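The values are calculated or read from the model by the stated rules, or taken from the named source; none is laboratory data. All figures in this text were calculated on a predicted structure; none of them were measured in a lab. Cβ coordinates were reconstructed from backbone atoms using ideal geometry, including for glycine residues, and neighbour counts include every protein chain displayed.
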Amino acid sequence: MSIARDTWFMTVRQARNLMREPIWIVLLLVQPMVWLLLYGQLFHNVTRLGGFGTGSYITFLAPAVVVMNAFFGATWSGMSMINDLDHKVIERFLATPASRIALVLSQIVRSALTAAIQAIIILLVSLALGVHIHTGALGWLVIILAAILVNSAFAGISQAIALLTRREATMIAVANFIGLPLLFLSTTMIAKTQMPGWMQMAAKFNPVDWGVRVARAVVLPGTDWSVVGWHLLLLFGLSVLTAAWATRTFRAYQRSL
Amino acid sequence: MEAIAVQELRKHYGEVRALDGVSFNVSEGEVFGLLGPNGAGKSTTVRVLVTLTHADAGTASVAGHDVRREPNAVRRAIGYVPQDSGVDQFATGRENLMLQGRVQGMSGRGLRQRTNELLGLVGIADASDRVVKTYSGGMRRRLDIALGLVHRPRVLFLDEPTTGLDPEARVGMWAEVSRLAEAEGLTILLTTHYLEEADQLADRLAIVSQGKIVVEGTPAELKANLMGDAVQVELSNGQIEEAKRVLAATGARPETVLGERTLVARVSDGGAALPGILGALDAAGIGVATVAVSRPSLDDVYLHFTGRDFTSEDRGE
């Protein structure tokens, strides 16, 4: 009970700080817009290769960009924890009865909420670019949920790394190390049938690709809801696991004090 | 009842022995000072008492609760003002206070009233809706103290409350702490490496050196223990051993040698003893460069009980 309450208080604190400088939400959107507007135009003929399920590359790309953005955002989410650790904000709360789990969970929740807000903005831009979400309002919800779950799954990892290393430089290295490989080992930019066999295999185990499949399935016609449900469940399970790992590393951090 | 009871605390950080058997008691309503140079073990002691870290051995209780067995009861009973602030710089003073109150279980009107009261009490009401990043050092420290007080704790821990403040702000902070201690009926444990600060604020104090408590008492008791005034003689050509003999012959008690040329001796009345001391040194052919008489200060207390000069030890020399 106090975990939920304190998580809420701590999330509000971070969300309010973020809102105080909303420029960050906008800056973080520059990259997905580049993918959507420039990359999407540049490769608009790629659908001729076949296997895309649509003739409009932007329709194919837009839901994946939402998920990709949520993923990239998550890899940086530990920075905020490092900032709080550096400024001893966490220590101050540790001398109060505040729930320890809430201190970690709130970081993940804040990160996931940011991803959800960005998902809505990217979807609105996509709509303006003529993307049609086949399953309508339900589709919107599913895409946002996919963004939230992909984000929280990786935010848990990012928090754990932040708590283990407590150094910004390491965080940046890790974010760069896992960012592009996981992006290229997914169907974000290209149809599965156009990928080399080994990459198709690797994509099966890539949580980013799970999210992309879910988001794309509700945009394109012929939605297979069992694929959607199954991958959302996988992402949820992974989020629980990584959040648990982050809480464990928090206890290790406490022991180091 | 004892507000704080500490017995034989020991703690290692790797090879470093941070606490080497620290014991002391603080009664309810008392302002107790832990005085010592940087790295003496004051902050570590406080961090054990506020449940941030565990000691390797020994026991401690705060407000009647064991820090190890009932940490949450301790956390509700205490306010902690850490050495490095810990405020959220991107939030306003008011937001920081409200959140601190909330995690301490306060809510609604009671919390809003208490927040307003404290903002006024520590004198930052005008800045309460500004982001903390824009505060001066002194304002931040005031907010830190308000954060420690929001839930009306019984025991307040102030870890180096005036470090980093300019002398004027420091004196202002002393007045503030004394006033708050009185207004809120608090027990305060204060750590400091400023001798004047301990002298000003503490009802009782303990000198900490190398993880141990060297001596404990009221500032007046500790000074009285030295029995008399200090005469400090700087010799022009360093005949320390000879000078010691000469001084002892005049009835003074040579005590410590500072550096290579300065001798500190104890006498019952410095002003009266000085002519005799100078005459004797002159007669023995020992040149005197400077001479000073002082009433005992906590500096002297520190020197007396540890055999080390406070200032140079604090700088890590």
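Couple of notes before you dig in:
- If you filter region B:38-51 down to residues that are outside any helix (DSSP H, G or I) and in contact with a strand residue (DSSP E or B) (Cβ under 8 Å, 6 or more places away or on another chain), you find that the one that is modelled with the highest pLDDT is B:VAL50.
- Residue check, A:ASN17 surrounded by 15 or more Cβ atoms within 10 Å (Cβ to Cβ), free of Cβ contacts under 8 Å to residues at least 24 places away in the same chain and more than 18 Å from the chain's Cα centre (by Cα): yes
- Residue within region B:36-43 that is away from chain A (no Cβ under 12 Å), among the small types (Gly, Ala, Ser) and within 19 Å of A:GLU91 (Cα to Cα) present: yes
- Residues of region A:181-221 that are within 14 Å of the chain's Cα centre (by Cα) and of a type in the set (A, V, I, L, M, F, W, C): A:LEU182, A:LEU183, A:VAL208, A:TRP210, A:VAL212, A:VAL214, A:ALA215.
- Of the strands (runs of 3 or more DSSP E) lying entirely inside region B:125-233, those carrying at least 1 residues that are within 14 Å of chain A (Cβ to nearest Cβ) are B:155-159, B:187-192.
- Within region A:245-257, considering residues that are among the small types (Gly, Ala, Ser) and in contact (Cβ under 8 Å) with a residue 40 or more places away in the chain, the one farthest from the other protein chains (Cβ to nearest Cβ): A:ALA246
- If you go through region B:80-121 and keep only what is within 7 Å of another protein chain (Cβ to nearest Cβ), under 27 Å from B:HIS193 (Cβ atoms) and part of a loop (DSSP other than H, G, I, E, B), you end up with B:PRO82, B:ASP84, B:SER85, B:GLY86, B:GLN89.
- Within region B:25-42, considering residues that are surrounded by fewer than 18 Cβ atoms within 10 Å (Cβ to Cβ) and under 15 Å from B:ALA60 (Cα atoms), the one nearest to the chain's Cα centre (by Cα): B:ASN25
- Per the listing B:LEU165, B:LEU190, the residue uniquely of a type outside the set (S, T, N, Q), surrounded by fewer than 19 Cβ atoms within 10 Å (Cβ to Cβ) and more than 30 Å from B:LEU274 (Cα to Cα) is B:LEU165.
- Filtered residues of region A:27-56 (kept if under 25 Å from A:GLY179 (Cβ atoms), of a type in the set (A, V, I, L, M) and in contact with a helix residue (DSSP H, G or I) (Cβ under 9 Å, 6 or more places away or on another chain)): A:LEU28, A:LEU29, A:MET33, A:LEU36, A:LEU37, A:VAL46
- Candidate set: region A:49-71, residues that are under 13 Å from the mean Cα position of the chain (by Cα) and of a type in the set (A, V, I, L, M); chosen: the one surrounded by the fewest Cβ atoms within 10 Å (Cβ to Cβ): A:ALA64
- Flag if B:VAL155 is crowded, with 19+ Cβ neighbours inside 10 Å, farther than 24 Å from B:THR51 by Cβ and in contact (Cβ under 8 Å) with a residue 40 or more places away in the chain: no
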